[in-house]
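What follows is a single structure, written as structure tokens, with notes after it.
The values are calculated or read from the model by the stated rules, or taken from the named source; none is laboratory data. For clarity, every value in this text was computed on a predicted model and none was experimentally measured. Quick reminder, even Gly has a Cβ in these numbers, built from the backbone with ideal geometry, and neighbours come from all protein chains shown.
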């Protein structure tokens, strides 16, 4: 069958093919017999590849970078919530003095000609030293632009890190002060009274919680807090009363025990609040037992502090700084930048340490 015959045969069959769903487009003939033996017209198989076999598109083209940056979380800074925070002086000041006056005097029996008896005052000047600390921000132009490819504002991230590090260290000094200076914290001020020991519990030991299980009853927990208050009364010679504003500071783990209920379905926290209406509870991880996850905690056990906020109108103490965050000038190099940021701390300034009672081992 020659080409013309093949064409005629195909045109005759076209309608039948289309009825069966075969639309052949530009095809106009069957393959003639003579073409079947013409190897110059054969559709030879493709020769071997000169390039590597296809491996689809690059993986980066099918990778999505989430525009929302997720942050690694750290324990909250709680020291300033416990006693409040104040600025004292400026970063120029290295020492601060706190005038403390004690009224003195004695009386004498009256006589028209007697001039005995006197009134006086004894003034002392306790001191605290400040500590300045800093961090450096350094970044290059290429570094910043490459981070931008990952949808990160690198300079902003470094600034946030600087603020975080400075605040974390300030918070640490508020609890522990600075070694080698007259700079003390809420835990180690030399004028604090020694911690008292919790009462033995029916379960055994003195702890409120053992292996994440509450082992002290609500009444036992309340009685421990009552012992702390009794210590405050003794230390203040009765100046502190149950209606005064107070802070019960403890670890987040110990605070869970305040949810324990007694046989009347009353929580330990409710018992405390009912009998001390001016009390508030603040938590900080530094009150908890030291561990690999909490290297700022207590070595000897969980600590609890009961703090009277004021006594006869005078504040018990406060956390103090002389510079919160000072950003120094930006220094530009050929293709990079650096900047120093500085902060300063006085630690915890406890004006009336007798208004703080401590209990170790709950």
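Some observations on this one:
- Selected residue [modelled with pLDDT under 95 and either within 21 Å of residue 171 (Cβ to Cβ) or not assigned by TED's automatic domain parsing to the domain that holds residue 142 (or both)] from 292, 302: 292
- Within the stretch 210-225, the set of residues being surrounded by 19 or more Cβ atoms within 10 Å (Cβ to Cβ) and outside any loop (DSSP other than H, G, I, E, B) comprises 214, 218, 220, 221, 222, 224, 225.
- Residue within the stretch 338-349 that is within 18 Å of residue 229 (Cα to Cα), modelled with pLDDT of 95 or more and surrounded by 19 or more Cβ atoms within 10 Å (Cβ to Cβ) present: no
- Just so you know, in the stretch 113-138 the residues that are under 25 Å from the mean Cα position of the chain (by Cα) and in a strand (DSSP E or B) include one that is nearest to residue 351 (Cα to Cα), and it is 131.
- Matching entry among 167, 171 (being in the same structural domain as residue 348 (by TED's automatic domain parsing), at pLDDT 95 or above and either part of a loop (DSSP other than H, G, I, E, B) or within 19 Å of residue 327 (Cα to Cα) (or both)): 167
- Test result for residue 204, part of a loop (DSSP other than H, G, I, E, B) and modelled with pLDDT of 95 or more: no
- The listed residues are 186, 152, 158, and the only one of them that is in a loop (DSSP other than H, G, I, E, B), farther than 19 Å from residue 323 by Cβ and in contact with a strand residue (DSSP E or B) (Cβ under 6 Å, 6 or more places away or on another chain) turns out to be 186.
- Restricting the first member to the stretch 119-141 and to residues that are without any contact (Cβ under 8 Å) to a residue 40 or more places away in the chain, and the second to residues that are surrounded by 10 or more Cβ atoms within 10 Å (Cβ to Cβ), the beta-carbon pairs closer than 6 Å and six or more apart or on different chains are 120/104; 122/104; 124/100; 125/97; 126/98.
- Test: residue in the stretch 341-359 that is within 29 Å of residue 154 (Cα to Cα) and not in a strand (DSSP E or B): no
- Scan the stretch 98-112 for residues that are assigned to a strand (DSSP E or B) and within 27 Å of residue 174 (Cβ to Cβ) and the total you get is 2.
- Extreme residue, farthest from residue 159 (Cα to Cα), among residues of the stretch 297-315 that are outside any loop (DSSP other than H, G, I, E, B) and in contact with a helix residue (DSSP H, G or I) (Cβ under 6 Å, 6 or more places away or on another chain): 311
- So residue 169, is it touching a helix residue (DSSP H, G or I) at 6+ places or on another chain (Cβ under 7 Å), surrounded by 13 or more Cβ atoms within 10 Å (Cβ to Cβ) and closer than 22 Å to residue 85 by Cα: no
- Selection of the stretch 316-329 for residues being over 21 Å from residue 234 (Cβ atoms) and part of a strand (DSSP E or B) yields 318, 319, 320, 321, 322, 323, 324, 325, 326, 327.
- Out of 309, 315, 282, one residue alone is surrounded by 14 or more Cβ atoms within 10 Å (Cβ to Cβ), within 26 Å of residue 86 (Cα to Cα), under 23 Å from the mean Cα position of the chain (by Cα) and at pLDDT 95 or above. It is 282.
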